[in-house]
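See structure below.
Bear in mind these aren't lab numbers, they're just calculated from the coordinates by the rules spelled out. What you are looking at is a predicted structure, and each value in this text was computed from that prediction instead of being measured. For neighbour counting, all protein chains shown are included, and Cβ atoms are generated from backbone atoms with ideal geometry for every residue, glycine included.
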Amino acid sequence: MADFFTKGAARNIYYGGSVFFILVFLGLTLNTVQQLPKRDHRENITESVEKGKLLWEENNCIGCHTLLGEGAYFAPELGNVFYRRGGGDSASFHAFLQGWMAAQPIPVEGRRKMPQFNLSEEQVKNLADFLEWTAKVNTEKWPPNIEG
Ligand code: HEC
């Protein structure tokens, strides 16, 4: 090993690098914590949105779908389904989701199927409100296109 790369130099790189990246990590964490309240429009989390999230979890929708990129890749991304199937209009999206949930499973040979969850109209409304709230979270345009 060349003389300039001494044990001392190696140690300085090790400690210096560690401290540097710990500081970068802390800085990014702080930035995230500051950004979140500006982006998640938490003031619009109504009781219905909360119930919808609970239904989303209890029925394991994420076992097949992704939501803002998180979840399974069996079925479409639903982070922007409010815009895709509702055109950004609450009433149209509610109508779409009621119809969609009632129509499952769609009997088409060879097509991936979504189960029938037998949810009430009120529960589907809660899910629609939750998906609308999710779609309006400022994710810097993720998912990148309307088809998810
Ligand atoms: C077993 C897997 C599975 C589960 C669990 C599941 N889905 Fe689906 N879902 C699918 C599949 C597959 C499709 C696409 C079906 C098709 O195009 O015919 C789909 C499509 C959809 C669509 C339409 C998406 C679009 O772009 O048109 C919505 C909305 C939806 N699911 C909502 C839900 C909700 C809400 C839940 C939980 C209550 C749920 N899904 C649970 C498999 C699943």
Residue exposure sequence - T29, T139 - by fewest surrounding Cβ within 10 Å:
T29, T139
Fewest-first ordering of D40, D89, D129, D3 by Cβ atoms within 10 Å yields D3, D89, D40, D129
Just to be sure I understand: with springs between alpha-carbon atoms less than 10 Å apart, which residue in G99, G88, G52 has the highest mean-square fluctuation in the Gaussian network model of the chain?
G99
So what J values fall out for the range 90-102 if you push phi through Karplus, 6.51 cos²θ - 1.76 cosθ + 1.60 with θ = phi - 60°, rounded to Hz, Gly and Pro as x?
4, 4, 5, 5, 4, 4, 4, 5, 4, x, 5, 5, 6
How about K141: which lysines have a C-alpha closer than 21 Å to its C-alpha, ignoring those fewer than 8 places off in the same chain?
K38
Considering the chain as a Gaussian network with a 10 Å cut-off on Cα pairs, which listed residue, I62, I45, I22, attains the greatest mean-square fluctuation?
I22
Could you work out which residue, out of K53, K113, K136, moves most in a Gaussian network model of the chain, that is, has the largest mean-square fluctuation with Cα springs under 10 Å?
K113
Hey, how many Å between the Cα centroid of the range 1-24 and the Cα centroid of the range 50-69?
46 Å
State to the nearest 20 debye the size of the charge dipole of the chain about its Cα centre, where the only charges are +1 on K and R beta carbons and -1 on D and E beta carbons.
460 debye
Within the chain, which is the longest segment that contains none of the GluC sites (Glu not before Pro) sitting in a DSSP loop with at most 13 other Cβ atoms within 10 Å?
1-108
Sites matching chymotrypsin sites (Phe, Trp or Tyr not before Pro) across the range 1-43 that sit in DSSP coil, with at most 14 neighbouring C-beta atoms within 10 Å:
F4, F5
Explain nothing, just compute: Karplus ³J(HN,Hα) = 6.51 cos²θ - 1.76 cosθ + 1.60, θ = phi - 60°, for every residue of the range 12-26 in order, whole Hz, x for Gly and Pro.
5, 5, 4, 5, x, x, 4, 4, 4, 6, 5, 5, 4, 4, 5
Computed ³J(HN,Hα) along the range 47-55: with the Karplus parameters 6.51/-1.76/1.60, θ = phi - 60°, integer Hz and x for glycine or proline, the list is 4, 5, 4, 4, 5, x, 5, 4, 5
Restricting to Cα pairs under 8 Å and 6 or more apart, the percent relative contact order of the chain works out to 28 percent
